[in-house]
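Student: Starting off with a structure, shown below.
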Amino acid sequence: MNLFNISLKNVKKSFSNYVMYFISIVFSVFIFFSFKSIQYNDALSTLGSKTTAGINSASIVIALFSFAFIYYSNSFFLNRRKQEIGTYSMLGMRKNKIGLIFFYETLIMGAGAILLGVILGFLFSKIMTMMLVKMMGEAIIVNMNLSVKALNKTIIIFMIIFIIVAVRNTIIIKKTKLIELFKKEGEKTGQNKFYKIKGLLGILLIIIAYTIAKSKFILGYLTLSPLILVPIIPGTFLFFSSAIELILSMVKKNKKIYYKGRNLIAFSELSYKIQSNSKILATIAILIATSATILGFTASLYYDINRNVNENYKYSYTIREDNKIISSKIDEILKKFKAYNNIQLDKSIELVESEISYKLKSKIDGKIKPYNTNIELIKESDYRELKEYENKPYENLNSKDNTYYISDEFGAIAYENLKGSAIVMSGYKNNFMVKNEVNHSLLNTQSSMELLVVKDTVFNEIKNSSNTRILRIIDISGDNLEMAQEMEKLINDSMEFNYPFNFTSKKIMYNTYIQSGGLYLFIGVFLALVFLLCTGSIILFKQLSSIYDDKDRYIMLKKLGASNKDIEKIISKQLKIVFLLPLIIGTLHNLFAMSIVQLLIPRSIVVPLAITLAAYYAGYFIYYFITLKYAQNMIIDR
């Protein structure tokens, strides 16, 4: 029997031990191939370069993560088979031949996973592409075809990964001494040095990270939020390596808990199990937090699109009306698409740009600082009419010196409301007193600067010596994307770009948001699935390995009179703790990360966050039950 046949026989014989590993790789190949098929699908070229770039970036992340997963998993399997390698050596087989056996095994598993992953990708790539198109709000006919480019890249990249891992396995086998192959891993039952200090330091670092995430500091420096990872990552590793040991030692001192039922047996080795697996558990906790945050963030963006557009784009169109020829052409376009729309509002308003100064009070440190900016004035009569159109109440300004300050919702994040503040306007004799600051856009976002509502008489006084522009506001029921795009092209071709924008369209912005949001959610869902499968498989491998090492002890317990039910409960209790610890810590990390996301999305994200966590938990606990079933077969049903 040649070496390849031995490798093939080994794979067939022990395939049940590799099932979850094999499934995880197949799924990774499937997602990678599907993403590449979408990237190279000519029918999707109309979606733009950003879609292609996003899908390509996601496929790179999948490839890198798959490499890390395959590399780690093979290290684990190789370590578990040290005695088998030693037996081959004892029988006289040379190390280079043993290395070739393992080299072939890796390539056989890899080739099988690539083949099955590509087949699944081909069968389901049309469905995945249709999902993406649907989520992006597009109407594109998708045909089922095999992308040769996607196939070649998938085979090349994953074969390179498996060859690198196979070569690495061969090198390790050659370098490992025979005596080391029969050595069992020593159990460090003693407590690690300075575990109390390390444990408290780990907890402190996590608390510091959480405090920063919820502090007012982050309000003013959102771009620095990734720096929270500096304390959170080492804090997580120290928590699992030392803080858990500290907590368990406290539990053991509580006799009521420790000596209750089967807790004595369940907790007796739990400290060692967690300590020996601390790096893996910490890594899994961080990956859970990462994947849940990616999924939660993308789901929140998608969930918020309708409200976001409706609140920030109140009207179908805003058009800078400085040119009568352009205005008449807009009327022609409206007339052309009359069958598709019903004009609810068509109003032109005057806006006057002016420079103002006032004092802002920071919510972060409470300091008051002077602030200068350019704003636009709007007549009280126009403001009242627009509020009435929205069916919202309006309270008249009491005097010429009163004003309403109109800003967006982000203004309220870092600064106190301007109500009662004095505003000094350049070139105007009197100061204004802010009756109230309204943190909701009056017009479409980017169609105007921040607004100051003043009495009509005051507006006319200032208008004479200031820069004035006319803004046409159109609101339509049954808006049409083709009409919006035709208007946009007319404005862009006829007018120089300005800020505030010459043209804004609710329909176009909704289409833009749904495209980007759908793309991000699509990528987020499948990245989270890949992360879940791979991290679930890693924790499954580690726990089954630990249970396998302890099987003689469980058998001894059975001989001493413990029933199968007792053994099952002991294993279940240990697995629950090991599975729940990274999930709880990962969830806490995720919740504090999402609290930062909440600052970027003014509306509540509780619903999408709850849905994504529930879906993630469901997938994660499937791995718990699979691990428990494997353990029962290994110990109880033997």
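The values are calculated or read from the model by the stated rules, or taken from the named source; none is laboratory data. Only a predicted model underlies this, so the values are computations on that prediction, with no experimental measurement involved. Cβ coordinates were reconstructed from backbone atoms using ideal geometry, including for glycine residues, and neighbour counts include every protein chain displayed. Surface accessibility is based on the protein's heavy atoms, side chains included, excluding ligands, DNA and RNA. Shrake-Rupley method; radii C 1.70, N 1.55, O 1.52, S 1.80 Å.
Student: Just one of Thr106, Thr52 is closer than 25 Å to Asn152 by Cβ, hydroxyl-bearing (Ser, Thr, Tyr) and touching a residue at least 40 places away in the same chain (Cβ under 8 Å); which is it? Explain how you work it out, then say what you get.
Tutor: Working: Thr52 fails: touching a residue at least 40 places away in the same chain (Cβ under 8 Å).
Checking each option against the conditions leaves just Thr106.
Student: Still on this structure: Looking only at the range 466-474, decide whether some residue is part of a loop (DSSP other than H, G, I, E, B) and either under 35 Å from the mean Cα position of the chain (by Cα) or buried (at least 20 other Cβ atoms within 10 Å of the Cβ) (or both). Give the derivation first.
Tutor: Just the residues of the range 466-474 that are part of a loop (DSSP other than H, G, I, E, B), to begin with: 466.
Among the residues that remain, those that are also either under 35 Å from the mean Cα position of the chain (by Cα) or buried (at least 20 other Cβ atoms within 10 Å of the Cβ) (or both) are: none.
Scanning the range 466-474 turns up no residue that is part of a loop (DSSP other than H, G, I, E, B) and either under 35 Å from the mean Cα position of the chain (by Cα) or buried (at least 20 other Cβ atoms within 10 Å of the Cβ) (or both).
Student: Can you tell me which residues in the range 28-52 are open to solvent by 40 Å² or more (accessible area, probe 1.4 Å) and within 24 Å of Cys534 (Cβ to Cβ)?
Tutor: The answer is none; no residue qualifies.
Student: Determine, yes or no, whether Lys565 is touching a residue at least 24 places away in the same chain (Cβ under 8 Å), open to solvent by 20 Å² or more (accessible area, probe 1.4 Å) and part of a helix (DSSP H, G or I). Explain how you work it out, then say what you get.
Tutor: Working: touching a residue at least 24 places away in the same chain (Cβ under 8 Å): no; open to solvent by 20 Å² or more (accessible area, probe 1.4 Å): yes; part of a helix (DSSP H, G or I): yes.
When the stated conditions are applied, Lys565 does not pass them.
Residue-wise test of (1) open to solvent by 80 Å² or more (accessible area, probe 1.4 Å); (2) modelled with pLDDT of 80 or more; (3) within 30 Å of Asn96 (Cα to Cα); (4) not hydroxyl-bearing (Ser, Thr, Tyr).
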| residue | (1), (2), (3), (4) |
| --- | --- |
| Gly190 | no, no, no, yes |
| Val230 | yes, yes, no, yes |
| Phe240 | no, yes, no, yes |
| Ala243 | no, no, no, yes |
| Ile257 | no, no, no, yes |
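Student: Pairs, please: C-beta under 6 Å, at least 6 apart or cross-chain, first residue in a helix (DSSP H, G or I) and modelled with pLDDT of 90 or more and in the range 483-497, second among the basic types (Lys, Arg) and open to solvent by 60 Å² or more (accessible area, probe 1.4 Å)?
Tutor: Qualifying pairs under 6 Å: Ala484/Lys507; Leu490/Lys329.
Student: Condition (residue is of a type in the set (Phe, Trp, Tyr) and surrounded by fewer than 17 Cβ atoms within 10 Å (Cβ to Cβ)) applied to the range 603-624: is it met by at least one residue?
Tutor: Kept after step one, since they are of a type in the set (Phe, Trp, Tyr), are these residues of the range 603-624: 616-617, 620-621, 623-624.
Add one more test, that the residue is surrounded by fewer than 17 Cβ atoms within 10 Å (Cβ to Cβ), and what stays is 617, 621.
For the range 603-624, residues of a type in the set (Phe, Trp, Tyr) and surrounded by fewer than 17 Cβ atoms within 10 Å (Cβ to Cβ): present.
Student: I've got another one for you. Counting only residues that are farther than 22 Å from Phe531 by Cβ, in a helix (DSSP H, G or I) and not polar (S, T, N, Q), how many does the range 582-627 have?
Tutor: Of the residues in the range 582-627, 4 are farther than 22 Å from Phe531 by Cβ, in a helix (DSSP H, G or I) and not polar (S, T, N, Q).
Student: Considering only the range 103-146, state which residues are β-branched (Val, Ile, Thr), assigned to a helix (DSSP H, G or I) and over 25 Å from Ile164 (Cα atoms). Reasoning before the result, please.
Tutor: Applying the first criterion (β-branched (Val, Ile, Thr)) to the range 103-146 yields 106, 108, 114, 118-119, 127, 129, 133, 140-142.
Applying the additional criterion that residues be assigned to a helix (DSSP H, G or I) yields 106, 108, 114, 118-119, 127, 129, 133.
Result: Ile127, Thr129, Val133.
Student: While we're on this one: Could we say that Ser89 is outside the structural domain of Leu540 (by the TED database) and surrounded by 20 or more Cβ atoms within 10 Å (Cβ to Cβ) here?
Tutor: Values: outside the structural domain of Leu540 (by the TED database): yes; surrounded by 20 or more Cβ atoms within 10 Å (Cβ to Cβ): no.
So Ser89 does not fit the description; no.
Student: Can I ask one more? Looking at the range 53-72, can you tell me whether even one residue there is open to solvent by 30 Å² or more (accessible area, probe 1.4 Å), at pLDDT 90 or above and over 24 Å from Ala299 (Cβ atoms)?
Tutor: Checked the range 53-72: at least one residue is open to solvent by 30 Å² or more (accessible area, probe 1.4 Å), at pLDDT 90 or above and over 24 Å from Ala299 (Cβ atoms).
Student: Anything in the range 446-455 that is touching a Ser or Thr at 6+ places or on another chain (Cβ under 7 Å) and crowded, with 17+ Cβ neighbours inside 10 Å? List them, or say none. Please lay out each step first, then the result.
Tutor: Of the residues in the range 446-455, the ones touching a Ser or Thr at 6+ places or on another chain (Cβ under 7 Å) are 446-447, 450, 452-454.
Answer for the range 446-455, where residues must be touching a Ser or Thr at 6+ places or on another chain (Cβ under 7 Å) and crowded, with 17+ Cβ neighbours inside 10 Å: Ser447, Glu450, Leu452, Val453, Val454.
Student: Then there is this: Could you pull out the residue among Lys419, Lys435 that is in contact (Cβ under 8 Å) with a residue 24 or more places away in the chain, among the basic types (Lys, Arg) and touching a strand residue (DSSP E or B) at 6+ places or on another chain (Cβ under 7 Å)? Can you show your working first?
Tutor: Values: Lys419 fails: in contact (Cβ under 8 Å) with a residue 24 or more places away in the chain.
Within the list Lys419, Lys435, the selection yields Lys435.
Student: Considering only the range 545-561, I want to know if a residue exists there that is part of a helix (DSSP H, G or I), surrounded by 14 or more Cβ atoms within 10 Å (Cβ to Cβ) and either of a type in the set (S, T, N, Q) or at pLDDT 80 or above (or both).
Tutor: Yes.
Student: Going through Ser447, Ser441 one at a time, which residue ends up being more than 24 Å from Ile326 (Cβ to Cβ) and either without any contact (Cβ under 8 Å) to a residue 40 or more places away in the chain or part of a loop (DSSP other than H, G, I, E, B) (or both)?
Tutor: Values: Ser447 fails: more than 24 Å from Ile326 (Cβ to Cβ).
The match here is Ser441.
Student: Now a separate question. Does any residue of the range 569-581 turn out to be among the β-branched types (Val, Ile, Thr), modelled with pLDDT of 80 or more, closer than 27 Å to Thr298 by Cβ and surrounded by 19 or more Cβ atoms within 10 Å (Cβ to Cβ)?
Tutor: Filtering the range 569-581 for residues among the β-branched types (Val, Ile, Thr) gives 570-571, 577-578.
Still in the list and also modelled with pLDDT of 80 or more: 571, 577-578.
Still in the list and also closer than 27 Å to Thr298 by Cβ: none.
The answer is no, given that none of the residues of the range 569-581 is among the β-branched types (Val, Ile, Thr), modelled with pLDDT of 80 or more, closer than 27 Å to Thr298 by Cβ and surrounded by 19 or more Cβ atoms within 10 Å (Cβ to Cβ).
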